[in-house]
Structure formats: structure tokens, C-alpha cells
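As C-alpha cells, the structure follows; a few thoughts come after it.
Please treat every number below as a calculation from the coordinates, not as lab data. Quantities reported herein were computed from a predicted structural model and do not represent experimental measurements. Reconstructed Cβ throughout: ideal geometry from the backbone, glycine too, with neighbour counts over all protein chains shown.
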Amino acid sequence: MMQELQDICIHSNPHQTVKELKKDTQNILEDIEAYKDVVKFNTKLRKEIKWIIEESKGERETQRIFDLLKQDTKGICSPIAKYKDCTELKKKTKKKLNDGVYKIYPWGDNPVQAYCDMTTDGGGWTVMLKRYSGSVGFKRTWKECENGFGDINGDFWFGNNYIHMLTSSGKYELRVDMVDKNNKTIYAVYKNICCRRLCIKIQTYSWRLLRKCR
């Protein structure tokens, strides 16, 4: 075989030195060994696949394999927890949550990104409006306000549709926080609010955020 390979190498490049010829021949032999390993692996793989197919022909065996697969995936494909608002998210999540963006499900199925304040006054606030840096213009049409606008991690309006969906499903508190140029803060809390037909009913007054009443 070595002689045949050398003849092939000489024929393809008659100007090779003996050293170069030996090197090329050795490279070809190494490639052949690698190819043989691939063939062996493929043969073994085919045998294993054939065994699986034959073993799973029976109904009982098929069910056994299915049960094993189902057991292996248990926990991986568990249902996603769907929280209606940030209040429910905080209440039903055991671990401590920080302020930030979370998925909530006001409609039950379709998620929406919401900024949740988990520290102010006990946490669990769904932030409706944040206007601080001035990077986002708030002179918008009603259509633009329906589904919200801005940067959820910066200045934004949550959206009329989402706010209506939340407040029409139960009693909520509305907290308004204001900060002046000297970083002095003041806030107001409105109890038991509900949004219906473009108006907000304030049932109780106390002096930002939306949270379900406890």
C-alpha cells in the first residue's frame, strides 16, 4: 500500500523530494485511519438505532420508553407562572425580588413587559408612568397612548389598555411620587381607584405607581 501511495504522490507531483514524498504519504495514511474510525462509529450508531427501533415495536415497550422520556423532562416543561400584576408577582414569588422589568399577564395569556417597584412602601407596585430624564416626549395622540411608549428601563408610559385591564379587574391604589430639582420628594396615595370610560374614580384620598389593594 505504501508503494502505491508513493506512486500516486509522484505522479501528481514529480518534482517532490524524498522527504516531501514521505511526509505526503504519511498524511494520507493518517487521513485513512481517521476515515476508518468514522466508518466504525457510523456502523456502531446504525446498530444502536436498529436496536431501539426493534425494541420499541411492541406497544408495551413503546409506552415504557415514553414514560421514561416523560419522567426525564418532568420539571423542564412545567407550566410558566403567570402573574397578573407586580403585586401578585411579589406575593406569590418566594425569593426576594429587586426593582426591574418583569413579565406580567394582564389578559391571562399574552405577556407584557412591566417595570415593578419592589421596594417602595412594601413593594409590589406596577409602574404606570416614569418621567425623569426628559429623554422621551409625552405629547402623544390617544392612539400612541393606548399601548404605551418610551423605554421601559427609562422614561415611559405603560399604556391605557393595560391600565384599564388591571384596574377594571379589582381595587387598586395609585401612588404618585414627585421629585424636584433639589431631589426633594413628595408623594400622594389614592385608594381604591378604577378606570372606566376615560375617567378615574377616586373613592378615598390620602396624600406613581399602581398596586392592588390589600
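The table below gives the values:
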{"quantity": "For peptides 109-121, 180-192, sequence by mean Cβ density within 10 Å, most packed first", "calculated": "109-121, 180-192"}
{"quantity": "The range 101-156 shape via C-alpha gyration tensor axes, a/c threshold 1.5", "calculated": "oblate"}
{"quantity": "Among the listed pairs Lys91/Lys139; Lys139/Lys191; Lys96/Lys143; Lys92/Lys130, those beyond 32 Å (Cα-Cα)", "calculated": "Lys91/Lys139; Lys96/Lys143"}
{"quantity": "Full-stretch length increase - Thr141, Ile186 - with 0.36 nm per residue and alpha-carbon distance subtracted", "calculated": "13.3 nm"}
